[in-house]
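The values are calculated or read from the model by the stated rules, or taken from the named source; none is laboratory data. Small disclaimer: the values here were computed from a predicted structure and weren't measured. Using ideal geometry, Cβ is built from the backbone for each residue, glycine included, and neighbour counts are taken over all protein chains shown. To get the accessible areas, we keep the full protein, side chains included, count just its heavy atoms, and leave off ligands, DNA and RNA. Shrake-Rupley method; radii C 1.70, N 1.55, O 1.52, S 1.80 Å.
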Amino acid sequence: SQKIEQNSEALNIQEGKTATLTCNYTNYSPAYLQWYRQDPGRGPVFLLLIRENEKEKRKERLKVTFDTTLKQSLFHITASQPADSATYLCALDILSGAGSYQLTFGKGTKLSVIP
Amino acid sequence: IAGITQAPTSQILAAGRRMTLRCTQDMRHNAMYWYRQDLGLGLRLIHYSNTAGTTGKGEVPDGYSVSRANTDDFPLTLASAVPSQTSVYFCASSDAAGEIDTQYFGPGTRLTVL
């Protein structure tokens, strides 16, 4: 079956360091992959999308890579700040049991940036 | 621009009662979705609607129903609530006109069924 996994439930890093979050998927070749941020008590917010033919995408201090051979995406936050503390979700379209493609989310990695 | 609004913000409900969670978007998006989020299980799709007048089942549809009478509104109904439906419910929408399904989420409804 198709699966999407975020390896770490929680990640603690020191302020100013680069945070790297991992998203792996199996038994599928997605056309694109998305990353969302979720703060406590709020809904997820879209951050970045990367297509299968793009190796890397950047937005300010955020960088996403997409390795379709390894079936993995890495999400980097450079010069991390306490305000970056949140849960980060990866998502991709997966074929559902009903035969349609649905955006499916990983369980998320809770990032804590320590001052 | 409000984006997506959900009501109520939170609710405590007795088991067996009927409950409708409301969701309204002002972005004129074609597609709308209902998810539940539980600790350790992440976001799971309950029902979706690709366009007004159509709905489909997601990963965990049992015990829930939806309707999509117009573009803006997508209510989720629990016909007879059970404690296992205690969760945080998120409504989302997307302009799924092309191949990209980037979703915009509401603030959520925290539901407790006793």
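Across chain A, C-alpha contacts under 8 Å between residues 6 or more apart give a mean separation that, scaled by the residue count, equals a relative contact order of 35 percent.
Each of B:ALA92, B:ILE12, A:GLY108 was placed along the dipole of the protein assembly as shown (beta-carbon charges, centred on the mean Cα), and the one lying farthest toward the positive end is B:ILE12. Heavy-atom surface analysis with a 1.4 Å probe gives segment A:13-70 a carbon and sulfur content of 46 percent of its accessible area. Look at the Cα gyration tensor of segment B:4-97: its axes a ≥ b ≥ c give a/c of at least 1.5 with a/b over b/c, and that counts as prolate. Dipole magnitude for segment A:3-114: about 100 debye, using +1 per Lys or Arg Cβ and -1 per Asp or Glu Cβ, origin at the Cα centre. Accessible-area rank, largest first, for B:ARG68, A:ARG58: A:ARG58, B:ARG68, with all protein chains present and a 1.4 angstrom probe.
What percent do you get for the relative contact order of segment B:4-97 when only Cα pairs under 8 Å and 6+ apart count?
37
May I ask for the accessible area buried between chains B and A, both sides summed, probe 1.4 Å, to the nearest 100 Å²? Roughly 1400 Å² of accessible surface disappears when B and A pair.
Please give the per residue accessible area of chain B, computed with a probe of 1.4 Å over protein heavy atoms only, in Å².
Details: 5360 Å² over 114 residues.
Result: 47 Å² per residue.
Magnitude of the Cβ-charge dipole of chain B, K/R +1 and D/E -1, about the Cα centre, nearest 20 debye?
On the way: 9 positive and 9 negative charges, 89 e Å.
The calculated dipole for chain B is roughly 420 debye.
Placing pseudo-labels 7 Å out from each Cα toward the beta carbon at B:ASP26 and A:HIS76 gives an inter-label distance of 4.0 nm. Once backbone amide H atoms are built at 1.01 Å from N, A:SER85 has A:VAL113 as its partners under 5 Å, excluding neighbours fewer than 5 places away on the same chain. Put a dot 7 Å past the Cα of A:GLU5, heading toward its Cβ, do the same for B:LEU39, and the two dots end up 2.4 nm apart. Have a look at segment A:20-48 and report residues whose accessible surface goes down by 30 Å² or more when the remaining protein chains are included, against the chain on its own, probe 1.4 Å, ligands and DNA/RNA excluded. Buried on complex formation: A:TYR32, A:TYR36, A:GLN38, A:GLY43, A:PRO44, A:PHE46.
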